[in-house]
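Trainee: Attaching a single structure in structure tokens format; questions to follow.
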Amino acid sequence: MKIIASITQSVDGFVTGPDDGPRLGLGRGGERLHYWVFGGPWTYDDDERDLGQMTGEDKVYFDALVAGLGAAICGRGMYDAAGAWGGTNPFDGRLFVVTHRTDDAPDPPSGFTFVPGFEEALGQARAAAGDRDVAIGGGADLIRQALDAGAVDVLSISTAPVVLGAGKRLFEGFGKDLDLDILDVHPSPFATHVTYAVRR
């Protein structure tokens with residue numbers, strides 16, 4: 001089992017543009033961070049039917065990233081920004097959502113479990129995954145917590161070719177010294193995906 005943290009950032013280190021929230025999940029201009037996910041430009045005004053699919057090196061990277069997953073963890077901000085994925089977990093394995101607001105947790109058949117803290121979420125995700133991998137997604141604060149706790153085996157950062165200038169930074173306030181080994185690089189027109197092993 002590996003713990004794999006992955007996120008997309010701008011060249012200047014932002015994982016959202018300014019004013020991110022439930023209706024503007026990646027912030028103003030932040031859609032450009034995820035052009036690679038939808039195979040090209042999109043905006044929050046697009047109808048979901050108009051969104052494309054990832055292709056080429058983006059798909060190769062993503063398929064390899066999720067191939068061994070048995071469970072995943074994300075923050076409440078990501079859950080809300082994604083509109084709870086329409087009310088049903090779209091990923092393989094259970095998705096544990098770290099949130100202080102657990103009173104509005106969805107029913108278990110949805111595939112989501114609300115958990116009040118990172119350590120508890122990690123323990124439950126490990127148990128649910130068995131011998132498969134656990135993914136840790138957004139947001140930046142959750143990934144920083146996981147790295148600070150020494151829980152991450154693999155860190156995967158997709159860097160979009162854009163400078164946002166403002167928003168939420170991936171490593172804002174992070175003070176831990178880490179050494180990383182490059183495992184894989186997948187460049188595309190929309191992002192450079194670099195996967196690192198976190199040295200112990």
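Trainee: Run the quick spin-label model on Asp181 and Asp131: label points 7 Å from Cα toward the beta carbon, then report their separation in nm to one decimal.
Mentor: Distance between label points: 2.3 nm.
Trainee: Same structure, new question: Considering only the other residues whose Cβ falls under 14 Å of the Cβ of Ala71, what net charge follows from Lys and Arg at +1 and Asp and Glu at -1?
Mentor: 0
Trainee: If R₀ is 25 angstrom, what is the calculated FRET efficiency for the pair Ala149 and Asp104, using the beta carbon separation as r and rounding to 0.05?
Mentor: Values: r = 27 Å, r/R0 = 1.06.
After rounding, the FRET efficiency stands at 0.40.
Trainee: Under the Karplus relation 6.51 cos²θ - 1.76 cosθ + 1.60, θ = phi - 60°, what is the ordered set of whole-Hz ³J(HN,Hα) values for the stretch 167-175, x standing for Gly and Pro?
Mentor: Once θ is set to phi - 60°, the couplings for the stretch 167-175 become x, 9, 8, 4, 10, 4, x, 7, x Hz.
Trainee: Name the residues whose placed amide hydrogens come within less than 5 Å of the amide hydrogen of Leu164, ignoring near sequence neighbours (fewer than 5 apart) on the same chain.
Mentor: Result for Leu164 returns Val11, Asp12, Phe14.
Trainee: Would you kindly calculate the mean projected area, averaged across all directions, of the convex hull enclosing the Cα atoms of the stretch 66-172, in square nanometres?
Mentor: 7.5
Trainee: Starting with the fewest neighbours, write out His34, His186, His193 ranked by other beta-carbon atoms found within 10 Å of each beta-carbon.
Mentor: Taking fewest neighbouring Cβ atoms as first place, the list is His34, His186, His193.
Trainee: So how far apart, in nm, are the two label points at Asp63 and Arg28 if each is 7 Å from Cα heading toward Cβ?
Mentor: 3.9
Trainee: Now a separate question. In the stretch 13-49, which residues have a backbone nitrogen under 14 Å from the label point lying 7 Å from Phe174's Cα in the Cα-to-Cβ direction?
Mentor: Answer for this model: 13-16.
Trainee: Fewest first, what order do Tyr35, Tyr44, Tyr61 take by the number of other Cβ atoms within 10 Å?
Mentor: Sorted ascending by nearby Cβ count, the order is Tyr44, Tyr35, Tyr61.
Trainee: With +1 on each Lys and Arg Cβ and -1 on each Asp and Glu Cβ, how big is the dipole of the stretch 95-200 about its Cα centre, in debye rounded to the nearest 20?
Mentor: Dipole of the stretch 95-200, to the nearest 20 debye: 240 debye.
Trainee: I'm checking a number: the convex hull volume of the Cα atoms of the chain, normalised per residue, in Å³. What is it?
Mentor: Numbers: hull volume 23.7 nm³, N = 200.
Cα-based convex hull of the chain, divided per residue, equals 118 Å³.
Trainee: Step by step: find N for the stretch 1-78, compute 2.2 N^0.38 Å, then divide the Cα radius of gyration by it. What's the final number? Provide the component values of the computation, followed by the final result.
Mentor: Working: Rg = 13.7 Å, N = 78, 2.2 N^0.38 = 11.5 Å.
Rg over 2.2 N^0.38 Å, computed on Cα atoms: 1.19.
Trainee: If you don't mind, another one. Net charge around His34, counting only other residues with Cβ within less than 13 Å of its Cβ (Lys, Arg = +1; Asp, Glu = -1)?
Mentor: -3
Quick note: the coordinates plus some simple rules give every number you see, no bench work behind them. All values derive from a computational prediction rather than experimental measurement. Cβ sites come from the backbone with ideal geometry, for glycine too, and all protein chains shown count toward neighbours.
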